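The values are calculated or read from the model by the stated rules, or taken from the named source; none is laboratory data. Everything numeric here is computed off the predicted structure, so don't read it as measured data. Glycine also receives a Cβ, built like all others from the backbone with ideal geometry; neighbour counts cover every protein chain displayed. Protein only, heavy atoms only, side chains kept; ligands, DNA and RNA dropped before computing areas. Shrake-Rupley method; radii C 1.70, N 1.55, O 1.52, S 1.80 Å.
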Amino acid sequence: MAATDIDKSSNEEKRNLSLGGHVGFDSLPDQLVSKSVAQGFCFNILCVGETGVGKSTLMNTLFNTTFENEEASHYQNGVYLRPKTYDLQESNVHLKLTIVDTVGFGDQINKEQSYKPIVDYIDTQFENYLQEELKIKRALFNCHDTRIHICLYFIAPTGHSLKSLDLVTMKKLDSKVNIIPIIAKADTISKSELHKFKIKIMSELVSNGVQIYQFPTDDEAVTEINASMNAHLPFAVVGSTEEVKVGNKLVRARQYPWGVVQVENESHCDFVKLREMLIRVNMEDLREQTHARHYELYRRCKLEEMGFKDTDPDSQPFSLQETYEAKRKEFMGDLQHKEEEMRQMFVNKVKETEAELKEKERELHDKFEQLKRMHQEEKRKVEEKRRDLEEEMNAFNRRKVAAETLQAQSLQAASQQPLKKDKDKKNFFSLPSACSLTSGRHFN
Ligand code: GTP
Ligand code: MG
């Protein structure tokens, strides 16, 4: 019903009326301006480029100041992002500027994952904003918006072509952030080489389907300048914070034995074009594109992932309440299913353990029986041995008694027949050997 109302009102004809005198709503734009000025602005720049390619120098040159600058080492294990926020003021306009540096980019032997920390950082900022939006008590105007508005991609001035790291990284970033590619340290490359290098870079970006930020041409006031600047991409820039006297003026430049490269001289490099496009003409469009295009895409994917949708399968509007109920039901179903699974798993585990214990008990019992049998066998053998030994002892004793009796009889006979003395004596001494011969055994 609500939808048909909306349709009706949008089809309604509007009548043009003229006012009888000054009402005052023509001051609305001024009200907006003064509100925005009072609120201040924020702008977040991401500088992606190899260590030492000239990121910090260019930032200092762009904003004509000296930001904190920590030189990165070439020995980082991976890439990490270092955001720094500054409060800047020009006239009565306050700008909260965040510069995010990619530390260690391009320094690893394996660069396969180099883009990941950058993508993660951008997503985290979107996620923080989405979480704030989803809160019941939102503070979107007061919260520090850290979403990246522009990614300046620094291309090393090789004069050859883009590196695969450049292409992979830009491809991964192009749906998440506005990219402006720039050729760094453009003073190190000759004019004709630079011209060819620019063409090569653009053709490589097009053939690999990398979408870079296009300066908007739909606003008449900037159509011409933006259209002409789009043709100059990628900008070839030179950065310097050094001031050199040229004529009777001090200008920012880099001085060489053979001459001076002036940063703000348009025939020397594209620095002025970059500053004009980035800060003076398109800063607001970059902020808008970030919100309306890149953040919108992130938000849509995230909400769809969470199960929210605008219409049901019959193309009927789907309310938040219905989505919540459907999600809740789905969640409870999942929970019940998981609970049942866990219970079943527990029962199976108990059964398994019980069977294992029973098996162990049986094994132990068998072992015990076997030991018992071995013990009885041993006992039997020892008993037999003892009996044998006893018998042997008895036999020995019997023979000993017999020998002693024989000896006594011999002695007696000898005393009665002295004439046969020598002969008897011989018999007497041979008795034990005779005994042993008759028994047929030896004793130890
Ligand atoms: P890290 O933060 O350590 O990764 O380095 P960076 O990318 O911030 O580079 P930085 O601005 O510190 O510059 C590194 C060196 O390059 C310095 O010696 C600068 O003077 C020099 N440099 C910076 N910009 C230019 C340029 O446009 N041309 C030339 N020839 N040298 C430059
Ligand atoms: Mg730096």
Would you tally the residues in the range 11-57 being within 16 Å of ligand 2 (Cβ to nearest atom) and open to solvent by 40 Å² or more (accessible area, probe 1.4 Å)?
-> 3
All positions within the range 220-260 that are in contact (Cβ under 8 Å) with a residue 24 or more places away in the chain, open to solvent by 50 Å² or more (accessible area, probe 1.4 Å) and in a loop (DSSP other than H, G, I, E, B) | H232, T241
When only residues in the range 194-213 that are open to solvent by 90 Å² or more (accessible area, probe 1.4 Å) and among the aliphatic types (A, V, I, L, M) count, which is nearest to N178 (Cα to Cα)?
-> V206
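Return yes or no: is H268 closer than 30 Å to T57 by Cα, open to solvent by less than 100 Å² (accessible area, probe 1.4 Å), within 16 Å of ligand 1 (Cβ to nearest atom) and not basic (K, R)? Please lay out each step first, then the result.
Working: closer than 30 Å to T57 by Cα: yes; open to solvent by less than 100 Å² (accessible area, probe 1.4 Å): yes; within 16 Å of ligand 1 (Cβ to nearest atom): yes; not basic (K, R): yes.
The answer is yes for H268.
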Since S36 meets every condition but one in (1) modelled with pLDDT of 90 or more; (2) in a helix (DSSP H, G or I), which condition does it not meet?
-> (1)
Pull up the range 98-127, narrow it to residues that are away from ligand 2 (no atom under 16 Å from the Cβ) and among the hydrophobic types (A, V, I, L, M, F, W, C), then point me to the one that is most open to solvent (accessible area, probe 1.4 Å).
-> I109
For the range 32-58, what are the residues that are touching a residue at least 60 places away in the same chain (Cβ under 8 Å) and either β-branched (V, I, T) or farther than 17 Å from F141 by Cβ (or both)?
-> I45, L46, C47, V48, G49, E50, V53, G54, K55, T57, L58
Can you name every residue in the range 78-97 that is closer than 20 Å to N60 by Cβ and within 15 Å of ligand 2 (Cβ to nearest atom)?
-> L81, R82, P83, K84, Y86
